[in-house]
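**Student:** Just passing along the structure, written as structure tokens.
The values are calculated or read from the model by the stated rules, or taken from the named source; none is laboratory data. Everything quoted here is computed from the prediction, not taken from an experiment. Note that we place each Cβ from the backbone using ideal geometry, even for glycine, and neighbour counts take in every protein chain shown. For accessibility, only protein heavy atoms count, side chains too; no ligands or nucleic acids. Shrake-Rupley method; radii C 1.70, N 1.55, O 1.52, S 1.80 Å.
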Amino acid sequence: MLLILAGLRPALLKHKLVNVLVEACLCSGAKDDDATSDPGKPQKLSKKKWRMKFRNKPASNEHLPWEERLADSVTPLWRLSYYDQLQLKQKHQERILLQLSDQVLCGESTQHKALTQCPSPPRSTKLSFPLLPILPSPVRDGYRNKSTFSVNRGVDGNPKTVGFYVGTGKAGNIVCVNGDHLLNMPERHKLVARCYQDFLRLSALEPCLLFHDGGHWREVTVRTNAAGNTMAIVYFHPQRLIPEEIEVHKSSLVEYFTQGPGAICQLDSLYFQESSMTRCSHEESPYQLLHGQPHIHEEVLGFKFRISADAFFQVNQGAADLLYRTVREMGLPNGAREGGGGGTLLDVCCGTGAIGITMSPRADRVIGIELIQQAVEDARHNAALNQIQNCEFLPGKAEVVLPGLMGVLGSTTDSGGPLTAVVNPARAGLHYRVIRALRNHSSIRRLLYISCKPEGEAMRNFRELCCSPDPHRKLTGEAFRPTVAVPVDMFPHTPHCELLLVFER
């Protein structure tokens, strides 16, 4: 941990609470990739030992007001200057990438063992490829364009409190705390949350805190864009209410936000989803538009994108501009500029098509793959909205669609240009069959991997891309090598950032 904090000001190093919070944040999700006091003499701590080390760490902020305790949970770096936040994130990304650098340098022969076991602490202190300075977020406060507010008992015991949790269900000490003071929340999100809380307290229905205990009103999601448009999605557990009864409460919700006190929110879209599950898709339980427009729109790098109720979009529009610009500059061959000539781009886990569409002017052809059908429809709409003719988007699991697609593409693309892949998976990383298809297709010479948690399952993907050929695991293609990494601060005041890692062969 001392290695990670080396760049912080001495005065901050003396702040015990900050140190404990930062250490816990970086270690809780990093398995055993965290720094030791002496990189030259690494302590090989297993995942289980790391867990035991921090599981029983006493809470250090119980004496603080609830607002500060929530801020420490949601935005753990809020006590640090933004400069110090960036320094800490830069060093943490370097520490993570040293694991990958070690493997590439050592060229371990026992690759199967290396891929299936937790990585040991790095042996070297220097990366084998450049890690560029972290790109700071253009907006540091109130940057989130999507927030989900929970409903539970507040500090005063009122079960109709809207905010964020402090505590855990397992420990039985959950308290819902208002989030008005959180630095990453925009004022419009806070306003909708306050109004939703007021509506709940006026409603005759109880909130749904635990599914088996009954109740109906659940959380609310707020989505906004740079133009100031606002979408709210209210989640509702029907329990045993008949449709006619539910209609009455939907009408009261609309009346509150259009003619009542909630009209101050000036909602452009109000959605309602009935669900007896924690999370479900539009296909499983349709989002019902109760008021306003079905979509809001966002702009990135001069392209417009339609935002549906459940569509994925980066939560920080300004930082997304930086990320996608960097992907565009590094993803296509040198000299590929507006007007094509960049060959074919494979956009795996493409979401609503943001990466492929922003890169389309430099590519001859863009093929996107996405699991969620609604996102595919949004991507196709976005291509048409921007008058893009060279993009196609395929629905389905990447591990099912990609292997067959690679066979169709053959050894060269239609234009005879290069084949480049961009992958932007969820935290679970890419399925092994996706990695195998990408690795074994010899025409892919450059692959860009975007990860918000490179120390997690993404590290397994990195190793599978870079390990020596392994016929036993059907990884027969030439190994990739990391050539450059760029962190982008998508989440100020938190320990997290997006990492763009470029692989070539």
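**Student:** Any residue in the stretch 427-446 that is more than 11 Å from L465 (Cα to Cα) sitting within a Cβ distance under 6 Å of a residue that is open to solvent by less than 20 Å² (accessible area, probe 1.4 Å) and part of a loop (DSSP other than H, G, I, E, B)? List the pairs, counting only those 6 or more apart or interchain.
**Tutor:** Note: pairs meeting the criteria are R427/G456.
**Student:** Could you tell me whether any residue of the stretch 358-368 is at pLDDT 90 or above, closer than 20 Å to E299 by Cα and part of a strand (DSSP E or B)?
**Tutor:** yes
**Student:** When the stretch 150-167 is examined, which residues are found to be exposed (fewer than 15 other Cβ atoms within 10 Å of the Cβ) and either under 18 Å from H92 (Cβ atoms) or without any contact (Cβ under 8 Å) to a residue 24 or more places away in the chain (or both)?
**Tutor:** Within the stretch 150-167, D156, G157 meet the criteria.
**Student:** From the set of residues in the stretch 128-149 that are open to solvent by less than 30 Å² (accessible area, probe 1.4 Å) and touching a residue at least 60 places away in the same chain (Cβ under 8 Å), which is farthest from N225 (Cα to Cα)?
**Tutor:** Selected residue: F129.
**Student:** Does the stretch 324-350 hold any residues that are modelled with pLDDT under 90 and surrounded by 21 or more Cβ atoms within 10 Å (Cβ to Cβ), and which are they? Show your work before the answer.
**Tutor:** Initial filter on the stretch 324-350 (modelled with pLDDT under 90): 332-343.
L332, A336, G342, G343 - these are the residues of the stretch 324-350 that are modelled with pLDDT under 90 and surrounded by 21 or more Cβ atoms within 10 Å (Cβ to Cβ).
**Student:** Residue under question is L98, and the condition is that it be surrounded by 13 or more Cβ atoms within 10 Å (Cβ to Cβ), at pLDDT below 95 and either touching a helix residue (DSSP H, G or I) at 6+ places or on another chain (Cβ under 9 Å) or under 15 Å from M459 (Cβ atoms) (or both); does it hold?
**Tutor:** yes
**Student:** Of R240, R279, R306, which residue is under 19 Å from S150 (Cβ atoms) and of a type in the set (K, R)?
**Tutor:** Sole residue among the options that is under 19 Å from S150 (Cβ atoms) and of a type in the set (K, R): R279.
**Student:** Given the conditions (1) of a type outside the set (G, A, S); (2) open to solvent by less than 20 Å² (accessible area, probe 1.4 Å); (3) over 24 Å from C280 (Cα atoms), report the number of the one that R223 does not fulfil.
**Tutor:** Among (1) of a type outside the set (G, A, S); (2) open to solvent by less than 20 Å² (accessible area, probe 1.4 Å); (3) over 24 Å from C280 (Cα atoms), the lone unmet condition for R223 is (3).
**Student:** Now a separate question. Do we have A437 as among the aliphatic types (A, V, I, L, M), assigned to a helix (DSSP H, G or I) and either touching a Leu at 6+ places or on another chain (Cβ under 6 Å) or crowded, with 18+ Cβ neighbours inside 10 Å (or both) here?
**Tutor:** yes
**Student:** Could you please let me know if E284 is without any contact (Cβ under 8 Å) to a residue 12 or more places away in the chain, within 22 Å of A485 (Cβ to Cβ) and either open to solvent by 50 Å² or more (accessible area, probe 1.4 Å) or not in a helix (DSSP H, G or I) (or both)?
**Tutor:** When the stated conditions are applied, E284 does not pass them.
**Student:** While we're looking at this one, here's another question. Within the bounds of the stretch 416-424, is there any residue that is out of contact with any strand residue (DSSP E or B) (no Cβ under 7 Å at 6 or more places or on another chain), crowded, with 18+ Cβ neighbours inside 10 Å and at pLDDT 90 or above?
**Tutor:** No: zero hits.
**Student:** From the residues in the stretch 299-309 that are open to solvent by 40 Å² or more (accessible area, probe 1.4 Å) and either acidic (D, E) or not in a loop (DSSP other than H, G, I, E, B) (or both), which one is nearest to R140 (Cα to Cα)?
**Tutor:** E299
**Student:** Out of curiosity, is A383 assigned to a loop (DSSP other than H, G, I, E, B) and touching a residue at least 12 places away in the same chain (Cβ under 8 Å)?
**Tutor:** Values: assigned to a loop (DSSP other than H, G, I, E, B): no; touching a residue at least 12 places away in the same chain (Cβ under 8 Å): yes.
Answer is no for this residue.
Each row is one residue, and each column tells you yes or no for (1) open to solvent by 50 Å² or more (accessible area, probe 1.4 Å); (2) in contact (Cβ under 8 Å) with a residue 12 or more places away in the chain.
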residue	(1), (2)
Y256	no, yes
L270	no, yes
M277	yes, no
H297	yes, yes
